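Contents: one structure, followed by commentary.
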Amino acid sequence: MERNKKMKIGFDIAILICAAFLSLGFLSLKNGRMWIYALVAAAGLAAVIDLILQLTAKNAAAKKSPAVFLEAAKVRELMLLDEHDKPLKSWDLAGKTALIIGKKNEDEDVDVDLEDCEYSTFIDGQHAVLNYCLDSWYLEDLGSKNGVKIRKVEDGGCYQVTNRPCRLSAGDVIYIANTRLLLT
């Protein structure tokens, strides 16, 4: 939004300068080519102002965005929430590259065990997996019977995870049956 404001101000200034140069050029019609020089000068000045504004906006974004995006992308913990959004249990994600979410049983081991949850009858032994790749966490459904959904923090929308990994951000909520897992 700020970049658009700067761009608009820059264009407004360029238009005013163009108008001034054109007026001067038309006023001095004694020299037949003066208005052409004024027009070329005004267009050149407008291009320079636009370039300066674009470079300023890019520099400001480069200084600001890495910290903002890195902070938003860092997911450190997975929390099991109760019906009142209070944490019941948590799993530290530091140093991990993959976590299987499901119910522990004699045949299958899981990293995030949801066996004690209220809706555990709807959760498969190996229901979903969290994978860490290229500085982001991704969620995949492992062919579960009841599926996996994600409520994205960016838009509040709830999406079914199907056929491909879904990128996660801090603040997203994973739904496994009616069990909710918050990424923080």
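Below, the figures for the structure above:
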| read-out | value |
| --- | --- |
| All positions within region 63-79 that are at pLDDT below 95 and closer than 18 Å to residue 173 by Cα | 71, 72, 73, 74, 75, 76, 77 |
| So residue 124, is it under 19 Å from residue 149 (Cα atoms), in a loop (DSSP other than H, G, I, E, B) and touching a strand residue (DSSP E or B) at 6+ places or on another chain (Cβ under 9 Å) | yes |
| The listed residue being buried (at least 16 other Cβ atoms within 10 Å of the Cβ) and without any contact (Cβ under 8 Å) to a residue 24 or more places away in the chain, out of 125, 156, 171, 143 | 125 |
| Subset of region 159-168 (residues that are in a strand (DSSP E or B), closer than 20 Å to residue 184 by Cβ and either free of Cβ contacts under 8 Å to residues at least 60 places away in the same chain or charged (D, E, K, R) (or both)) | 159, 166, 167 |
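The values are calculated or read from the model by the stated rules, or taken from the named source; none is laboratory data. Quick caveat, the model's predicted, so the values are computed rather than measured. Cβ atoms come from the backbone with ideal geometry, glycine included; neighbour counts cover every protein chain shown.
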